[in-house]
1. Can you work out ³J(HN,Hα) from phi for every residue in segment 172-179, in order, using Karplus 6.51 cos²θ - 1.76 cosθ + 1.60 and θ = phi - 60°, giving whole Hz and x for Gly and Pro?
2. What is the set of long-range amide H partners of residue 256 at a cut-off below 5 Å, with H atoms built 1.01 Å from backbone N?
3. Take the alpha carbon gyration tensor of segment 181-262, find the square roots of its eigenvalues, order them as a ≥ b ≥ c, and report rounded if a/c is under 1.5; if not, report prolate when a/b exceeds b/c, else oblate.
4. Specify whether the C-alpha gyration tensor of segment 27-180 places it in the rounded, prolate or oblate class, a ≥ b ≥ c being the square roots of the eigenvalues: rounded for a/c under 1.5, otherwise prolate if a/b is larger than b/c and oblate if not.
5. Taking the solvent-accessible surface of protein heavy atoms with a 1.4 Å probe, what is the per residue accessible area of segment 89-213 in Å²?
6. Express the carbon and sulfur contribution to the solvent-accessible surface of segment 125-190 as a percent, rounded to the nearest whole number, probe 1.4 angstrom.
7. Taking the radius of gyration and the Kirkwood hydrodynamic radius from Cα positions alone, what is the Rg/Rh ratio for segment 70-120, to two decimal places?
Amino acid sequence: LMNKKHFLGILIVLIISVCVLYADLKTTPINQLIKAAQNINFFALIMVFGLMLLSYVCEATILYVLSYRKNEPKRSKWSFFRIPIIQALFNAITPMSTGGQPSQLAAMVQMGIEGGRATSLLLMKFIIYQIVVFFAYVFAIVTGFHMVATKFSALAAFIVLGFLIHISSIVFLLAIFFAYNWTKKAANWLMNLLEKFISEKRVEKWRKATMEKIDTFYTESQKLKKEKKKLWLSAGLTVLQLLFFYSIPYMVLLTLNVHANWLAVTQMNIMIIMFMAIIPIPGASGGAEYSFQTLFSTFVSSHGALVLGMFLWRFATYFFGMILGIFGWIFKPKKIKNTKNS
């Protein structure tokens with residue numbers, strides 16, 4: 001539920017965003033902004049928000065596909081659509097997006113899916129998402145990293161760090177899939193090693209939590225292997241979801257009537273997202289704006305257009321989701337319990 005901590009998160013995000021915007025506007029002559037705003041392509045502007053909505057629709061459809069059972073009563077489209085927008089709200093207002101998963105779980109329970117099954121479905125979605133994102137990151141690093149490394153060496157180190165963090169979590173997931181017993185032994189060995197440096201009580205707590213996670217992931221991966229049709233359909237929808245989301249900066253550039261290469265812009269965007277994932281501030285505020293400006297100054301020569309572009313990108317990918325998420329949280333769907341024979 002929304003509490004004081006979440007409102008504090010919203011406040012922190014707004015304060016940092018306003019400060020960044022103020023710092024930019026202070027150094028940008030107003031006539032530059034007016035000139036950039038006059039050149040706006042309104043069809044492309046609508047498409048910026050359209051792509052974000054399509055990304056949420058794909059995510060909602062993935063949950064519908066994974067939760068589908070023949071004997072169950074039908075749930076409304078709104079009840080599924082509100083899950084990704086509520087996640088967007090809580091991802092935005094909690095450090096390192098830690099509130100996203102619990103808020104999705106709460107939204108699923110509100111629509112009548114029991115807690116255990118909702119957790120299982122979200123884990124399935126998470127596993128599929130992580131694997132698809134892994135391929136996107138590898139693709140961006142292999143094909144586009146030279147662009148960042150040559151022009152922005154300071155950001156390059158953070159992007160590599162973000163990449164390594166993501167790779168390690170994927171390797172952990174894949175190890176559970178394909179080497180369950182070995183992963184448990186390796187985790188136990190690591191905990192034994194930590195016991196030499198950290199209090200036994202704390203390590204035991206970590207050991208218990210890690211073993212539970214490994215068991216849960218393994219159980220879910222076995223379920224996924226059995227439901228190949230659902231797995232492939234969800235993977236395809238995840239690819240679409242990410243394509244829509246990653247294409248937003250390119251559409252922002254088209255809004256400003258800046259013609260660039262879609263592939264180059266998308267590679268850079270994927271690397272910005274990698275960098276943002278390691279900033280421990282709600283919504284990566286400050287860092288997101290800085291990295292967008294640093295990387296996109298390559299494509300946009302006018303400072304006014306760059307500031308306007310950054311604001312549009314941030315609003316569409318971040319504040320738009322927060323606003324939708326607030327509506328999602330207020331307008332709860334009808335709770336439909338599962339039938340007994342399902």
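The values are calculated or read from the model by the stated rules, or taken from the named source; none is laboratory data. This structure is a prediction, so every number in the text was calculated from the model and none was measured. Heavy atoms of the whole protein, side chains included, go into the accessibility calculation; ligands, DNA and RNA do not. Shrake-Rupley method; radii C 1.70, N 1.55, O 1.52, S 1.80 Å.
1. Running phi through 6.51 cos²θ - 1.76 cosθ + 1.60 with θ = phi - 60° gives 4, 4, 5, 5, 5, 4, 9, 9 Hz.
2. Correct list: 41.
3. Note, shape of segment 181-262 comes out oblate.
4. On the way: a/c = 2.38, a/b = 1.30, b/c = 1.82.
Cα axes put segment 27-180 in the oblate bin.
5. On the way: 6670 Å² over 125 residues.
Result: 53 Å² of accessible area for each residue.
6. 79 percent
7. Computed over Cα atoms, the ratio is 1.03.
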